[in-house]
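A.B. asks: Just passing along the structure, written as structure tokens.
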Amino acid sequence: MTILSVAEHRRGELRPVSLELLSVGHLVADETDSEHHTVVVGGDVEAFGEKLDREGVDAVHTVDYGEEFNHDVYVQAVSQLADAVDPSLLLMPNTVNGLDYAPAVAGRLDRPLVTDVVDIDYEEGLTVTRELYGSKAETTIDVNAEAAALTVRPGEWPAAEGVNGASVEPFAVDIDESAVRSTVTGFEEVGSGDVDIGDADVLVSVGRGIGEEENLDLAFELADALDATVSASRPLIDNGWLEKDRQVGQSGKVVTPDVYIAIGISGAVQHVAGMKGADTIVAINTDPNAPIFDIADYGIVDDLFDVVPALIEEFGS
Amino acid sequence: MKILVTVKQVAVVDDEFEIDGLGIDDRYITHDLNEWDEYAVEEAVQLQEAADEDVEVVTVTIGPEDTEETIRQALAKGADRAVRVWDDTLAEAGLLDPTTKARVVEAVASEEDPDLVLTGVQSADDGFGATGVTLAERLGFEWAAVVNDLELDREAGVASVHRELEGSIEELTDVQLPAVLTIQTGINEPRYASLRGIRQAQTKELDVRSLEDVGLSPADIESPLEQTSLYEPTSESDATVFEGSAEEAAAELAEVLRDAGVAN
């Protein structure tokens, strides 16, 4: 049996999820007495290949084709390597780019796909764990197939460590250019650059619970009193209430302030990915079961419209 | 031009709920149009309004009769007509995973022959995030996932999109048509349905089809994936929660914040 994981890189950097996938691959390979291969497609494949040669990796395949991610190329390259290696388990990242090629690869290889996997068990066949209803419930899924494809949630497994000495071999692909029907023309940073929430020591961060745009005044008033900066979760940015450069989360900024005060934020996984590195996390939310309390150091389960004015009062603003 | 938009009714679960077998007890669930699909519908209607050609916007839904209220929401916002696929076989099927859903939508898309398919990036309840790209692969369409900006050049047959990557970076990509695009929230401002729209929605065509009607057999929706349990995740919280009135709790929090060096 073979496990194959697919690395991810962007603008010259291997993304951390690549090394996390190696941990998953290593664990499953150990459990099932399998070989563990990994592949990187495009970019500086030699340098990436060296970095992917971590503990538990039996072979690193490099596909020297293109610079940046292109899903048409990835689908062909990963499918061709999968045909050659015949992995019983194909592991891809549950990232924006992962979700842009993994379903097509699974479809082409005619393998079942389970996305956003947070746990894997191989004791009696393949069983995976996912979250439902915005992380309110978890479910297990049995995969009754000889070969399967999974996308794995970033941040759930540690990065693989160590230096190994596995073979790093180029894999020659035969890319059908006529089937490459998308062209990446560039990248763009978002936001006006007026505020740098990544630089703030204290963030007052607001979410959907704030209700109305006018109520944002409350957050700015608290931020003034605390000498803090206002940031927000995705829905407020989508509503156009705040500039995009104030967005914390997977698609926004990753922040690591000393203190992060989450007001009316439920703590969806995409948001948590952007702020879990804060030293002290404070959550104010009416729902005691909101996932934000799982990572908070301090919490108040109450109406933010009662708590925030009281806090402003405390700090004498 | 024809735009096909996938519309799903999703389960919204109360803060407090009970699990009943492999689902959540109905008492704790309300239903709504999937947020991502709402943006997809809006994008389709905006393309229709901006086009200098006739554009038909057709929605497709896999779901029982009680999803019609949600489908009418999409019709009220400007979609022209709707197709809903459901029958006993689908009702009795276990997990409707992305491949199963894509097979059904593919069958409808093959009949409708759209130039563009828009889906939400994911659905709020099961969050697979994979049906759109699976569908594209099955249809032989090009695709782009997680699109938050779209410019259509019909003459060149190209959709120029922004894909929202992690970390405040967008990828600019040109995609050949026909294509499936999965639409991210924030791409537009979904409109509220007008009273006139709501009235008109009642008279718009809502075509109900069975699996057999769309040319599929029960074997086509058999899935190797089987849901085996549903449970509430155990809380890993070790947070100190301040009790008492809002003022009391705020006072205790203020003390902690001052100790942490805030506003000193």
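A.B. asks: D for region B:166-264, whole µm²/s, Stokes-Einstein with Kirkwood Rh over alpha-carbon pairs at 37 °C and 0.692 mPa s: what number? Could the numbers behind the result be given before it?
C.D. replies: Numbers: Rh = 22.6 Å.
Once the numbers are plugged in, D ends up at 145 µm²/s.
A.B. asks: So for region B:33-113, considering every pair of alpha-carbon atoms, how many percent are separated by more than 17 Å? All intermediate terms of the calculation are to be shown ahead of the outcome.
C.D. replies: Values: 1685 of 3240 pairs.
The answer is 52 percent, as a whole percent.
A.B. asks: In debye to the nearest 20, how big a dipole does region B:83-157 give about its Cα centre with +1 on each Lys and Arg Cβ and -1 on each Asp and Glu Cβ? Each step should come with its number before you reach the end.
C.D. replies: Details: 5 positive and 17 negative charges, 36 e Å.
It works out to roughly 180 debye.
A.B. asks: Roll a 1.4 Å probe over the protein heavy atoms and report the accessible area of A:K253 in Å², nearest 10.
C.D. replies: Here the residue's solvent-accessible area equals roughly 50 Å².
A.B. asks: Calculate one ³J(HN,Hα) per residue across region B:176-190 by plugging θ = phi - 60° into the Karplus curve 6.51 cos²θ - 1.76 cosθ + 1.60, and present them in order as whole Hz with x for glycine and proline.
C.D. replies: 6, 8, x, 8, 10, 10, 9, 9, 8, 4, x, 5, 8, 10, x
A.B. asks: How long are the semi-axes of the equivalent ellipsoid of region A:106-154, defined as square roots of 5 times the Cα gyration tensor eigenvalues? Whole Å, largest first. Mind dumping the intermediate values first?
C.D. replies: Details: eigenvalues 73, 36, 14 Å².
Result for region A:106-154: semi-axes of 19, 13, 9 Å.
A.B. asks: Still on this structure: How many Cβ atoms of partner chains, on average, are near each residue of A:302-315 if near means within 10 Å of its Cβ? Please list the in-between numbers first.
C.D. replies: Working: counts 9, 1, 1, 1, 5, 7, 2, 3, 9, 8, 2, 4, 10, 6.
Averaged over the peptide's residues, the number is 5.
A.B. asks: Still on this structure: Do the sum for chain B: with -39,500 (n - 2.57) for every DSSP H run of n ≥ 4, divided by all residues, what is the mean residue ellipticity at 222 nm, to the nearest 500 deg cm²/dmol? Walk me through the numbers before you get to the answer.
C.D. replies: Working: 7 runs with 77 residues, N = 264.
Estimated from H runs of four or more residues: -9000 deg cm²/dmol.
A.B. asks: What residue among A:R246, A:R153, A:R11 shows peak mean-square fluctuation when chain A is described by a Gaussian network model with Cα springs under 10 Å?
C.D. replies: Its mean-square fluctuation being the largest, the pick is A:R11.
A.B. asks: Moving to a separate point now. Go ahead and collect, in residue order, the members of region B:90-130 whose backbone nitrogen is under 16 Å from a label point 7 Å along the Cα-Cβ direction of A:R108.
C.D. replies: Flagged as within label range: none.
A.B. asks: Which whole-Hz ³J(HN,Hα) couplings does region B:161-168 yield from phi under the Karplus relation 6.51 cos²θ - 1.76 cosθ + 1.60, θ = phi - 60°, glycine and proline marked x?
C.D. replies: These are the phi-based 3J(HN,Hα) values: 10, 9, 10, 7, 7, 6, x, 6 Hz.
A.B. asks: Let me ask another. How many percent of DSSP beta bridges within chain B run antiparallel, rounded to 5? Intermediate results must be reported in sequence, preceding the final value.
C.D. replies: Details: 20 of 46 bridges.
The antiparallel fraction comes to roughly 45 percent.
A.B. asks: Run through all the Cα pairs of chain A and give the fraction in each 10 Å bin from 0, expressed as whole percent.
C.D. replies: Each 10 Å bin holds this share of Cα pairs: 6, 24, 28, 22, 15, 5, 1.
A.B. asks: Mind checking A:196-206 for the average number of partner chain beta-carbons within 10 Å of each residue's beta-carbon? Walk me through the numbers before you get to the answer.
C.D. replies: Numbers: counts 0, 0, 1, 0, 0, 3, 5, 0, 0, 0, 0.
If you average over the peptide's residues, the count of other-chain Cβ atoms is 1.
A.B. asks: Then there is this: Arrange the residues A:L222, B:L22 by how much accessible surface each exposes, largest first, with a 1.4 angstrom probe.
C.D. replies: Values: A:L222 0, B:L22 85 Å².
From most accessible down to least: B:L22, A:L222.
A.B. asks: Let me know the shape class of region B:134-174, please: from the alpha-carbon gyration tensor, a ≥ b ≥ c as square roots of the eigenvalues, rounded when a/c is under 1.5, otherwise prolate if a/b is greater than b/c, or oblate. Please list the in-between numbers first.
C.D. replies: Details: a/c = 3.29, a/b = 1.26, b/c = 2.60.
Verdict is oblate for region B:134-174.
A.B. asks: Which of the three applies to region A:113-197, rounded, prolate or oblate, going by the alpha-carbon gyration tensor with a ≥ b ≥ c and a/c under 1.5 meaning rounded? Can you show the working numbers first?
C.D. replies: Values: a/c = 1.59, a/b = 1.16, b/c = 1.37.
Verdict is oblate for region A:113-197.
A.B. asks: Rounded to the nearest 5, what is the percent of antiparallel bridges among the DSSP beta bridges in region B:1-135?
C.D. replies: Values: 7 of 20 bridges.
Antiparallel bridges: around 35 percent, rounded to the nearest 5.
A.B. asks: Also, quick follow-up: Provide Rg over Rh for region B:34-190; use the alpha carbon set for both Rg and the Kirkwood Rh (inverse mean inverse pair distance). Please list the in-between numbers first.
C.D. replies: On the way: Rg = 15.0 Å, Rh = 15.9 Å.
So for region B:34-190, dividing Rg by the Kirkwood Rh gives 0.94.
A.B. asks: Restricting to lysines 8 or more places apart or on different chains, can you count the pairs in the protein assembly as shown with Cα atoms under 12 Å from each other? Before the final figure, lay out the partial values.
C.D. replies: On the way: A:K244/A:K253; A:K253/A:K276; B:K8/B:K101; B:K77/B:K204.
Summing the qualifying lysine pairs gives 4.
A.B. asks: Name all residues of region B:67-82 having a backbone nitrogen under 19 Å from the label point set 7 Å from the Cα of B:A51 along its Cα→Cβ direction, giving them as ranges.
C.D. replies: From region B:67-82, the list is B:74-82.
A.B. asks: Something else now. Given that compact globular proteins tend to follow 2.2 N^0.38 Å, what is the ratio of the alpha-carbon Rg of chain B to that value? Don't jump to the answer; show the numbers that get you there.
C.D. replies: On the way: Rg = 21.7 Å, N = 264, 2.2 N^0.38 = 18.3 Å.
It is 1.19.
A.B. asks: Note the direction-averaged projected area, equal to a quarter of the hull surface, for the Cα convex hull of the protein assembly as shown, in nm². Walk me through the intermediate numbers first.
C.D. replies: Details: hull surface 105.8 nm².
With the hull built on Cα positions only, its mean projection is 26.5 nm².
A.B. asks: For chain A, modelled as a Gaussian network with Cα springs under 10 Å, which listed residue fluctuates most, A:V163, A:V41, A:V272?
C.D. replies: Between A:V163, A:V41, A:V272, it is A:V163 that shows the largest mean-square fluctuation.
A.B. asks: Let me ask something else. If Lys and Arg each add +1 and Asp and Glu each add -1, what is the summed charge of the other residues whose beta carbon sits under 11 Å from the beta carbon of A:V41? Present the calculation step by step, with values, prior to reporting the outcome.
C.D. replies: On the way: positive: none; negative: A:E8, A:D64, A:E67, A:E68.
Summing Lys and Arg as +1 and Asp and Glu as -1 gives -4.
A.B. asks: Just the number, please: percent antiparallel of the DSSP beta bridges in the protein assembly as shown, rounded to the nearest 5.
C.D. replies: On the way: 45 of 118 bridges.
Approximately 40 percent, going by the DSSP bridge assignments.
A.B. asks: May I pose another question? From the phi angles alone, apply the Karplus equation (6.51, -1.76, 1.60; θ = phi - 60°) to region A:120-133 and give each ³J(HN,Hα) in whole Hz, x where the residue is Gly or Pro.
C.D. replies: 9, 10, 10, 5, 10, x, 8, 10, 10, 10, 10, 9, 10, 6
A.B. asks: Using 0.36 nm times the number of residues separating A:E123 and A:D194, minus their current alpha carbon distance, what extension gain do you get? All intermediate terms of the calculation are to be shown ahead of the outcome.
C.D. replies: Numbers: separation 71, 0.36 × 71 = 25.56 nm, distance 5.23 nm.
Here the segment from A:E123 to A:D194 would lengthen by 20.3 nm.
A.B. asks: Given points 7 Å out from each Cα along the Cα-Cβ axis, report the B:E111 to A:D174 separation in nanometres with one decimal.
C.D. replies: Simple spin-label model gives 3.9 nm for this pair.
A.B. asks: A further question follows. Just going by the charge dipole of region A:193-249, with Lys and Arg at +1 and Asp and Glu at -1 on Cβ, which of A:N215, A:A225, A:G249 is farthest out on the positive end?
C.D. replies: About the Cα centre, the residue reaching furthest to the positive side is A:G249.
A.B. asks: Right, next: Could you pull out every residue, at least 5 positions away or on a different chain, whose amide H is within less than 5 Å of the one on B:A11? Hs are placed 1.01 Å off N in the peptide plane, and Pro or chain starts have none.
C.D. replies: The answer is B:D125.
A.B. asks: Which value results for Rg/Rh of region A:214-276 when Rg is the Cα radius of gyration and Rh the Kirkwood radius based on the inverse mean 1/r?
C.D. replies: Values: Rg = 11.1 Å, Rh = 11.9 Å.
Value, to two decimals: 0.93.
A.B. asks: Based on the Cα coordinates of region A:6-127, what is the per residue volume of their convex hull in Å³?
C.D. replies: Values: hull volume 11.8 nm³, N = 122.
Hull volume normalised by residue count: 97 Å³.
A.B. asks: Right, another one. Taking the Cα centre of region A:3-117 as origin, work out the dipole magnitude from +1 charges on Lys and Arg Cβ and -1 charges on Asp and Glu Cβ, in debye rounded to 20. Numbers along the way, then the final one.
C.D. replies: Numbers: 7 positive and 22 negative charges, 68 e Å.
That gives region A:3-117 a dipole magnitude of about 320 debye.
A.B. asks: Okay, moving on. To the nearest 20 Debye, how big is the dipole of chain A about its Cα centre, given +1 on the beta carbon of each Lys and Arg and -1 on that of each Asp and Glu?
C.D. replies: Around 540 debye, computed over chain A.
A.B. asks: Just grab the label-to-label distance for A:D30 and A:D86, each label 7 Å out from Cα along the Cβ direction, in nm (one decimal).
C.D. replies: 2.7 nm
A.B. asks: Where the centre of each part is set by its Cα atoms, how far does region B:122-186 sit from region A:267-298, in angstrom?
C.D. replies: Between the Cα centre of region B:122-186 and that of region A:267-298, the gap is 30 Å.
A.B. asks: Helix A:71-85: angle to the longest alpha-carbon principal axis of chain A, degrees 0 to 90, nearest 10?
C.D. replies: Tilt relative to chain A: about 50 degrees.
A.B. asks: Cα atoms only, region A:176-317: Rg and Dmax in Å?
C.D. replies: Calculated on Cα positions, Rg and Dmax stand at 16.7, 67 Å.
A.B. asks: Just counting partner chain Cβ atoms within 10 Å, what average do the residues of peptide B:133-146 show around their Cβ? It would help to have the intermediate numbers written out before the result.
C.D. replies: Details: counts 12, 6, 3, 4, 8, 4, 0, 1, 1, 6, 8, 3, 10, 6.
Mean shielding by partner chains, rounded to a whole number: 5.
A.B. asks: Same structure again: Using a basic spin-label model with each label point 7 Å from the Cα along Cα→Cβ, how many nm lie between B:E92 and A:F305?
C.D. replies: 5.0 nm
A.B. asks: Among B:Q202, B:L139, B:H162, whose Cα lies farthest out toward the positive end of the dipole of region B:123-219, if unit charges sit on the beta carbon of Lys, Arg (+1) and Asp, Glu (-1)?
C.D. replies: Toward the positive end, the furthest listed residue is B:Q202.
A.B. asks: Based solely on its DSSP helices, what 222 nm [θ] is calculated for chain A when runs of n ≥ 4 H residues each add -39,500 (n - 2.57) and the sum is averaged over all residues, nearest 500 deg cm²/dmol? Don't skip to the answer; put the middle values down first.
C.D. replies: Values: 9 runs with 89 residues, N = 317.
So the calculated ellipticity at 222 nm is -8000 deg cm²/dmol.
The values are calculated or read from the model by the stated rules, or taken from the named source; none is laboratory data. Just so we're clear, the structure is a prediction, and the values are computed from it rather than from any experiment. Because the Cβ atoms are built from the backbone with ideal geometry, glycine has one as well, and the counts that use them run over all protein chains shown. What goes into the accessible areas is simple: the full protein's heavy atoms, side chains included, and nothing from ligands, DNA or RNA. Shrake-Rupley method; radii C 1.70, N 1.55, O 1.52, S 1.80 Å.
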